[in-house]
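Just below is one structure, and these are the notes that go with it.
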Amino acid sequence: MPDFQGSRKSYLDRALEHPHPVAKRLFQVAELKKSNLVISADFTDTKALLACADQLGPYIAVFKTHIDLVADFSDDTVSDLKRLAQKHNYLIFEDRKLVDIGHTVQRQYHGGALRLSEWADLVNLSILSGDSIVEALDQTITAPDFPYEGQRALLLLAEMTTSGSRATGAYTEQYAALAPSYPNSVIGFVASRALTTPDSTTGAGDFVSAIARGADFVIAGRGIYAAADPVAAAIAYRNAGWEAYMRRTRQRGESES
């Protein structure tokens with residue numbers, strides 16, 4: 001069951017307590033920028049993708065990509081994604097939904113056409129193919145010769161908000177049980193609520209209700225970048241998410257007093 005009391009801790013407290021460097025940085029970015037907003041940037045060309053990253057970067061904690069949509073993916077895509085993430089101080093989350101046998105996902109993640117480990121701070125995966133996928137990626141990320149030690153982490157795709165999704169109930173609970181076995185690589189879930197301890201990160205679903213249920217970060221896409229004024233929309237979403245988070249942390253203080 002979700003630990004709602006624990007999830008009411010502040011991002012600053014979570015940054016101090018979390019053992020994983022990527023999670024620490026994520027919470028630090030959220031606290032510094034007063035943002036728990038993840039922009040879902042589903043563009044089909046590099047120019048549009050980078051324009052979105054540059055325009056909305058100041059207002060977000062995480063830039064989420066579907067990089068296999070980008071028809072002209074190249075070295076320039078990679079280098080400019082990394083440059084803009086540094087410029088605007090956000091993390092990059094590739095919504096790849098890796099799901100295959102361990103040996104295959106290792107090659108998809110580290111190497112391969114999309115070079116995920118080179119630029120994506122976070123990548124998500126599904127355990128539909130079995131728990132071995134987590135073990136395989138954990139081995140890759142924690143290997144002595146992995147060039148991005150302490151700079152990469154995994155999110156488990158525990159829930160989806162699509163109509164008719166089968167990622168519910170016992171299936172979702174399997175993720176919650178699995179995550180603690182991989183503290184050096186798994187830092188949380190893609191879900192609409194908190195699933196385990198206050199040391200996990202979650203995100204998705206309706207802004208205010210997801211935060212109230214314990215989610216740490218919230219995802220929005222076309223509602224922001226397709227708006228008449230994307231910057232104004234990003235600011236409005238950021239403010240709504242932050243206010244929901246502040247209400248949650250205030251409730252923790254009130255319950256302890």
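Table for the structure above
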read-out	value
Residues whose placed amide H lies under 5 Å from that of Asp45, excluding near-sequence neighbours	Ala71
Contour excess over end-to-end distance, with Cα ends at Arg247 and Gln174 and 0.36 nm allotted per residue	23.3 nm
Val190 long-range amide H proximity, modeled H, under 5 Å	Leu156, Leu157, Ala158, Glu159
Kirkwood hydrodynamic radius (C-alpha pairs) into Stokes-Einstein, the range 52-152, 10 °C and 1.306 mPa s, D in µm²/s	112
Segments 10-16, 211-217 sorted - mean Cβ within 10 Å per residue, highest first	211-217, 10-16
Alpha carbon convex hull of the range 1-119, volume per residue in cubic angstrom	128
Amide H contacts under 5 Å for Arg96, placed H, 5+ residues apart	Asn124
Highest average packing first - 29-40, 77-88, Cβ atoms within 10 Å	29-40, 77-88
In order through the range 93-99: 3J(HN,Hα) via Karplus (6.51 cos²θ - 1.76 cosθ + 1.60), integer Hz, x for Gly, Pro	10, 8, 7, 7, 6, 4, 7
Ranked packing of 100-106, 66-72, most packed first, by mean Cβ within 10 Å	100-106, 66-72
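Any read-out appearing in this document is the output of simple, stated calculations on the displayed coordinates, not a laboratory observation. The shown structure was predicted, so the numbers you read here are calculated from the model rather than taken from an experiment. Heads up, the Cβs are rebuilt from the backbone with ideal geometry, glycines too, and the neighbour counts pull from every protein chain shown.
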